[in-house]
Amino acid sequence: MENIQNRLENAIASGQDYFNHATNAAISKKPHSDKWSKKEILGHLIDSGIHNLQRFTEIQFESQPYKIRKYNQDELVKANDYQNSKTNEIVDFWTAINNRIIYIIQQQTEKTLDYKIELDNGKISDLRFLITDYVDHLEYHLNQIKSIEY
């Protein structure tokens, strides 16, 4: 898990750097009315962080396999109105959630990493997979934010 933790720490630093140097116009522009702006993608990463922090902690005491509950990504981005939020507020929130996730990752043992989860497709996996998948997802969207030019 040390590699996953390092990847998450690097992603946080990279994301902070990007948003600290980006213009509000660049991160607020929507490519199409039904597509997310870069601020909204960051908001989606906040929602993902919230849900995954809950998953990573609940699996410690819920019955297994822990069932993954899906969430409505588009509706959460709209309801939280990330598009019109202050950039520094959402960057700080995203950073705080991910720093907490790093702390939770550090607390895991081989035993807890083997805790079973049931994915929404019915397949069984473990906490190790869920944590790795979270970091993969976060890196994917950060790369998307940094590479997309509208």
Within region 97-150, can you find the residues that are within 30 Å of His21 (Cα to Cα), aliphatic (A, V, I, L, M) and either part of a helix (DSSP H, G or I) or in contact with a Ser or Thr (Cβ under 6 Å, 6 or more places away or on another chain) (or both)?
-> Ile97, Ile101, Ile102, Ile104, Ile105, Ile131, Val135, Leu138, Leu142, Ile145
Just name the residue that is farthest from Lys70 (Cα to Cα) out of those in region 98-145 that are touching a Pro at 6+ places or on another chain (Cβ under 9 Å) and of a type in the set (Val, Ile, Thr).
-> Ile124
Please tell me if Ile59 is in contact (Cβ under 8 Å) with a residue 60 or more places away in the chain and of a type outside the set (Lys, Arg).
-> yes
Residues of region 124-150 satisfying the condition of being surrounded by 13 or more Cβ atoms within 10 Å (Cβ to Cβ), among the acidic types (Asp, Glu) and over 15 Å from Asn10 (Cβ atoms) | Asp126, Asp133
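To keep it simple, each residue is scored yes or no on (1) out of contact with any His (no Cβ under 6 Å at 6 or more places or on another chain); (2) under 30 Å from Asn24 (Cβ atoms); (3) of a type in the set (A, V, I, L, M); (4) surrounded by 13 or more Cβ atoms within 10 Å (Cβ to Cβ).
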| position | (1), (2), (3), (4) |
| --- | --- |
| Tyr66 | yes, no, no, yes |
| Ile97 | yes, yes, yes, yes |
| Ile104 | yes, no, yes, yes |
| Asp114 | yes, no, no, no |
Residues (closer than 30 Å to Thr112 by Cβ, surrounded by 14 or more Cβ atoms within 10 Å (Cβ to Cβ) and out of contact with any Asp or Glu (no Cβ under 8 Å at 6 or more places or on another chain)) located in region 10-49 | Ile12, Ser14, Gly15, Gln16, Leu42, Gly43, His44, Leu45, Ile46, Asp47, Ser48, Gly49
Filter result (of a type in the set (Ser, Thr, Tyr), within 26 Å of Ile117 (Cα to Cα) and touching a Phe, Trp or Tyr at 6+ places or on another chain (Cβ under 8 Å)) within region 53-106 = Tyr66
List the number of the failed condition for Lys70; all other conditions in (1) of a type outside the set (A, V, I, L, M, F, W, C); (2) surrounded by fewer than 12 Cβ atoms within 10 Å (Cβ to Cβ); (3) part of a helix (DSSP H, G or I) hold.
-> (3)
Which of the residues that make up region 107-149 are farther than 21 Å from Thr57 by Cα and either touching a residue at least 60 places away in the same chain (Cβ under 8 Å) or in contact with a helix residue (DSSP H, G or I) (Cβ under 6 Å, 6 or more places away or on another chain) (or both)?
-> Glu139, His141, Leu142, Gln144, Ile145, Lys146, Ile148
In this structure, is Lys67 more than 17 Å from Ala13 (Cα to Cα) and without any contact (Cβ under 8 Å) to a residue 24 or more places away in the chain?
-> no
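Where a number appears in this text, it was derived from the coordinates with a stated rule and is not lab data. Just so you know, these numbers come straight off a predicted model, no measurement behind them. Please note: Cβ atoms are built from the backbone with ideal geometry, for glycine as well, and neighbour counts cover all protein chains shown.
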